[in-house]
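Taken together, the values in this text are just the output of simple stated rules run on the coordinates, not laboratory data. Remember, it's a predicted structure, so these values are computed and weren't measured experimentally. Note that we place each Cβ from the backbone using ideal geometry, even for glycine, and neighbour counts take in every protein chain shown.
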Amino acid sequence: MLGQTVSHYRILEKLGGGGMGVVYRAEDLTLWRHVALKFLPDRLAADRVALERFQREAQAASALNHPNICTIHEISHHDSQPFIVMELLEGQTLKHRLTAKSLKTEELLDLAIQISDGLDAAHQKGIVHRDIKPANIFVTSRGQAKILDFGLAKLTGSRGRPVGVTPASVGQQGPGQEGEAPPLSGQDTPTASIDREQLTSPGVAIGTVAYMSPEQARGEETDLRTDLFSFGAVLYEMATGQAPFSGNTSAVIFTAILTQAPRPPLEVNPQLPPGLDAIIDKALEKNRDLRYQSASDLHTDLKRLKRDTASGVTTAPTAAPGLTRRTKLLVAAAGALLILGLAAIPLWRWIPLRRGSVGRIAEQKNLVVLPFQAIATEGQDQAYCAGLTETVTTKLAALPSLEVPQTSEVRQRKVDSIERARTELGANLVLEASWQHAGDDVRINLSLIDTRTARQLQTDTITAQAKDLFALQDRVVASAVDMLNVRVQPQQAQELTAHGTTALGAYDFYVQGLGYLERSDLPQNADNAVALFQRALKEDTGYALAQAGFGRS
């Protein structure tokens with residue numbers, strides 16, 4: 001498109017692109033200014049949901065006029081291809097800014113104050129962003145923060161109109177002025193019949209999941225406090241250089257968001273001003289009733305902290321009570337980990353493994369866990385196999401000495417053989433397994449294979465009661481670790497044998513639900529997953545993994 005004239009814009013250069021848009025620098029031939037044009041990719045231009053989200057981004061952001069929100073000038077079409085005209089920003093996203101070097105306290109607080117002010121402006125108009133993350137925050141060369149991409153935004157006013165904007169006020173201000181927010185879709189648009197929930201469901205990519213609020217992870221209704229939790233996660237990363245919740249799979253991250261407190265920022269970065277720890281802690285409250293209730297309050301606390309830091313005065317932060325609760329939780333968690341860690345040691349010492357040593361295991365272990373195969377036709381066995389593949393992969397991926405891709409990546413790349421594991425994912429080792437009923441027991445045959453020679457390096461056969469999935473999974477993981485010759489520390493052993501619940505029935509339903517969820521190409525599989533996760537939650541209402549699975553399904 002370089003050199004072309006689109007409407008009254010001449011395209012000069014491509015600035016970048018992603019899954020939902022390609023951005024060009026262009027010259028406005030009417031006003032003689034440079035702007036940014038964002039086009040919906042050709043492959044999505046005919047996608048009604050993608051088109052509606054594209055329109056949502058333009059319409060939600062155009063209702064806002066704030067220095068910390070990227071300005072939208074107009075939305076138009078060129079040869080039936082929609083595009084958004086935005087202000088041209090010079091600089092880099094916060095995501096790239098954080099990879100370059102750590103933020104100094106003055107810059108950190110300055111950017112945080114700007115971002116919170118932009119969020120407050122959006123919330124005042126009844127707009128919840130719902131995808132706040134470093135990639136959606138731009139830092140200009142002058143140090144100005146700009147919130148981007150309102151494609152997943154939710155409007156809390158009636159009929160898509162921001163809160164506080166009535167028909168009368170719109171009429172008084174006139175079309176196109178600040179205060180008016182046109183409906184996101186009407187009867188004259190091709191997207192009017194789309195189910196609103198199709199448009200507002202958050203994505204499940206790892207980068208977005210890491211900044212989700214607990215209510216988003218559980219699939220609950222969202223509100224402005226959802227943005228405040230996500231901004232708390234961003235603020236934590238700005239302060240420490242690392243995300244507060246991380247893991248190798250979305251399920252692991254969901255569990256951390258729902259059940260775990262991140263490491264205190266001051267422990268990670270002792271140079272932080274003490275009050276920032278309390279502000280982040282309050283923003284990351286899992287119970288939204290105890291979280292910051294408005295971006296304005298968060299903005300005020302950040303401004304007060306900046307003032308006190310500059311003057312050298314230390315004041316008691318408003319979020320200080322959260323530290324006492326955190327301390328109690330950490331003490332309790334430490335005691336539980338110690339007990340569970342000691343209890344897990346015998347498992348790793350005494351599990352009898354029956355295998356033959358056939359070859360030498362490579363030092364660099366790039367392992368692919370191929371989908372477990374059920375030697376049966378029952379749908380339940382297939383679900384167990386798919387679920388067990390996911391849980392075993394997650395456990396092995398948590399070990400730092402192994403490189404293990406997620407089951408979602410294995411599935412997306414259609415890796416179903418030793419050869420494809422080597423060529424598609426660069427694996428030098430493959431773990432294969434088959435599942436077969438033998439009366440009331442289940443027999444699982446494991447094979448560790450060298451992808452270069454297709455030779456079996458280790459084999460093992462495990463027999464356990466079908467109704468005891470706890471023991472079954474633990475023995476499969478223990479066997480795989482032993483075959484791989486991986487050294488396991490006591491705390492890692494405890495993590496490998498953790499199931500997230502003590503209710504065997506809940507875990508049984510969870511594994512089946514996970515299996516159907518991983519095979520959700522058929523509508524009935526998705527329905528089965530929903531029902532099984534609900535049954536798991538009836539067995540254990542606090543089962544975080546089942547809550548995350550239910551939210552995903």
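Here are a few things to note about the model shown:
- Relative to the Cα centre, the charge distribution of region 1-151, modelled as +1 at Lys and Arg Cβ and -1 at Asp and Glu Cβ, gives a dipole magnitude of about 300 debye.
- Here, region 252-300 is characterised by an Rg to Rh ratio of 1.01, where Rg is the alpha-carbon radius of gyration and Rh the Kirkwood radius.
- Near ALA421: Cβ cut-off under 15 Å, other residues only, Lys/Arg at +1 and Asp/Glu at -1. The net charge is +1.
- Those GluC sites (Glu not before Pro) in region 366-462 that DSSP places in a loop and that have at most 13 other beta carbons within 10 Å: GLU378
- Candidate lysines for bridging to LYS414, where Cα separation is under 23 Å - those fewer than 8 sequence places away on the same chain excluded: LYS365, LYS395
- Our estimate of slack between THR541 and LEU12, defined as 0.36 nm per intervening residue step minus the Cα-Cα distance, is 184.8 nm.
- Coordinate range along principal axes, alpha carbons of region 452-553, Å, largest first: 40, 33, 24
- For region 137-150, 3J(HN,Hα) computed residue by residue from phi via the Karplus equation (6.51, -1.76, 1.60; θ = phi - 60°) reads 10, 9, 10, 6, 5, 9, x, 9, 8, 9, 7, 10, 6, 9 Hz, glycine and proline entered as x.
- Taking 15 Å as the straight-line reach from the Cα of LYS38, the aspartates and glutamates in range (excluding those fewer than 8 positions away in the same chain) are GLU13, GLU27, ASP28, GLU52, GLU57, GLU74, ASP79, GLU87, ASP149.
- Region 371-473: equivalent-ellipsoid semi-axes (sqrt of 5 x gyration tensor eigenvalues, Cα, Å): 24, 14, 14
- Cα radius of gyration and Dmax for region 218-292 (Å): 12.3, 37
- Cα-based Rg / Dmax (Å) for region 25-96: 13.0, 34
- Under 23 Å from LYS286, Cα to Cα: lysines that are on another chain or at least 8 residues apart: LYS133, LYS154, LYS328, LYS538
- Over region 513-553, the hull volume per residue, using the convex hull of the C-alpha atoms, is 46 Å³.
- Table column - 3J(HN,Hα) (Hz), region 442-453, Karplus curve with 6.51, -1.76, 1.60, x for Gly and Pro: 10, 10, 10, 9, 10, 9, 9, 10, 7, 6, 6, 10
- A cut-off under 11 angstrom between Cβ atoms defines the neighbours of ALA466, and their net charge, with Lys, Arg +1 and Asp, Glu -1, is -3.
- Karplus 3J(HN,Hα) series, Hz, for region 66-83 with 6.51 cos²θ - 1.76 cosθ + 1.60 (x for Gly, Pro): 8, x, 9, 10, 4, 6, 9, 8, 6, 10, 8, 9, 9, 6, 6, 9, x, 8
- Over region 22-150, the reciprocal of the mean inverse Cα-Cα separation, the Kirkwood hydrodynamic radius, stands at 15.6 Å.
- The trypsin sites (Lys or Arg not before Pro) found in region 389-449 that occupy coil by DSSP, while having at most 14 further C-beta atoms within 10 Å, are LYS414.
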